[in-house]
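One structure is given below, encoded as structure tokens.
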Amino acid sequence: AQRVTQPEKLLSVFKGAPVELKCNYSYSGSPELFWYVQYSRQRLQLLLRHISRESIKGFTADLNKGETSFHLKKPFAQEEDSAMYYCAAGGTSYGKLTFGQGTILTVHP
Amino acid sequence: DTGVSQNPRHKITKRGQNVTFRCDPISEHNRLYWYRQTLGQGPEFLTYFQNEAQLEKSRLLSDRFSAERPKGSFSTLEIQRTEQGDSAMYLCASSLHGTGGSYGYTFGSGTRLTVV
């Protein structure tokens, strides 16, 4: 079965500290991996896709096929990064995504 | 185009009543998805369309749920004989899907359903 696991429901760091949000997936084939973010009182929005290998708002995510992980990292967290983060996986032939349960990131001043 | 629009934003209904939600996707997007989200959980897939064709429906979806996308534009999600367990946020998303795979979803703000 397709599954995305985010082991931490809550993650707290201080401003300027590095942050890593963990994501592990169980998926047949070679899935597409995404990170979505939801800021307070805003809609879910795409943060980044593994296929584009981009850095958005200082965040990067590396796909590790051996460990089936797609952890999200930022070297220096900012207060405005406080939000709910969801990892998601989908097959390349299908648009359906399977989401993790989400991690609430709080960045303290 | 102001993104994905969902109406209504909130719906309170009595158990046993029928409800219908509407989603207007981004016009260039060929795929439209419905998800359900309950407190503390990630979005859970319900169904999706490519243009007007409904390509997949979750096994978790009972026969009380039906979705349509006439003419491949807006979509409606209807829940018949609502139950308290149907209370959730119903999310709509659209995407452009091509030979390169999915380009990621654009979500609407959701419709929060409360069944009393």
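Sequence-distant contacts, meaning Cα pairs under 8 Å at least 6 residues apart, place the relative contact order of chain B at 36 percent.
When you filter the chymotrypsin sites (Phe, Trp or Tyr not before Pro) in the range A:15-67 for DSSP loop state and at most 15 other Cβ atoms inside 10 Å of their Cβ, you are left with A:Y39.
Run the numbers for B:N18 and B:Q41: contour at 0.36 nm per residue of separation, minus the present Cα-Cα distance, in nm.
Numbers: separation 23, 0.36 × 23 = 8.28 nm, distance 2.47 nm.
Residue separation times 0.36 nm, minus the Cα-Cα distance, leaves 5.8 nm.
For the range B:50-116, dividing the convex hull volume of the Cα atoms by the residue count gives 106 Å³ per residue.
Around A:A83, what is the net charge, scoring Lys/Arg as +1 and Asp/Glu as -1 over all other residues with Cβ under 13 Å from its Cβ? Net charge around A:A83: +1. For the residue pairs A:K22/A:K57; A:K73/B:K11; A:K65/B:K71; A:K74/B:K11, the alpha carbons lie more than 29 Å apart in A:K73/B:K11; A:K65/B:K71; A:K74/B:K11.
Backbone geometry of the range B:10-20 corresponds, through the Karplus equation with coefficients 6.51, -1.76 and 1.60 at θ = phi - 60°, to 3J(HN,Hα) couplings of 9, 9, 10, 9, 7, 3, x, 7, 9, 9, 9 Hz, x marking Gly and Pro. Compute the Rg/Rh shape ratio of the range A:59-109: radius of gyration over Kirkwood radius, all on alpha-carbon atoms. Checking Rg against Rh, the ratio lands at 1.04. Which residues does a label at A:H50 reach in the range A:2-42, if reach means a backbone N under 18 Å from a point 7 Å past the Cα toward the Cβ? The answer is A:2-8, A:20-37.
Once the cut-off is 16 Å, how many percent of the Cα-Cα pairs in chain B end up in the long-distance tail?
Of the Cα pairs, 57 percent sit more than 16 Å apart.
Once the Cβ-Cβ distance between B:V116 and B:F74 is put in as r, and R0 is 22 Å, what FRET efficiency do you end up with, to the nearest 0.05? Calculated transfer efficiency: 0.20. The value of relative contact order for chain A, using C-alpha pairs under 8 Å at least six residues apart, is 38 percent. Find the percent of Cα-Cα distances in chain A that exceed 21 Å, and round it to a whole number. So the portion of pairs separated by more than 21 Å is 30 percent. Using a cut-off of 14 Å between beta-carbons, work out the net charge of the residues near B:G85 (Lys and Arg +1, Asp and Glu -1, B:G85 not included). Overall, the nearby charge balance is +1.
Please go through the range A:15-103 and write out the trypsin sites (Lys or Arg not before Pro) that DSSP classes as loop and that have at most 12 other C-beta atoms within 10 Å. Show your work: numbers first, answer last.
Values: sites: A:K15, A:K22, A:R41, A:R43, A:R49, A:R53, A:K57, A:K65, A:K73, A:K96; in loops: A:K15, A:K22, A:R41, A:R43, A:R53, A:K57, A:K65, A:K96.
Qualifying residues, ordered by number: A:R41, A:R53, A:K57, A:K65.
The numbers here are math on the coordinates, done by the rules we state, and not lab data. Given the structure is predicted, the values throughout are model-derived calculations rather than measurements. Cβ coordinates were reconstructed from backbone atoms using ideal geometry, including for glycine residues, and neighbour counts include every protein chain displayed.
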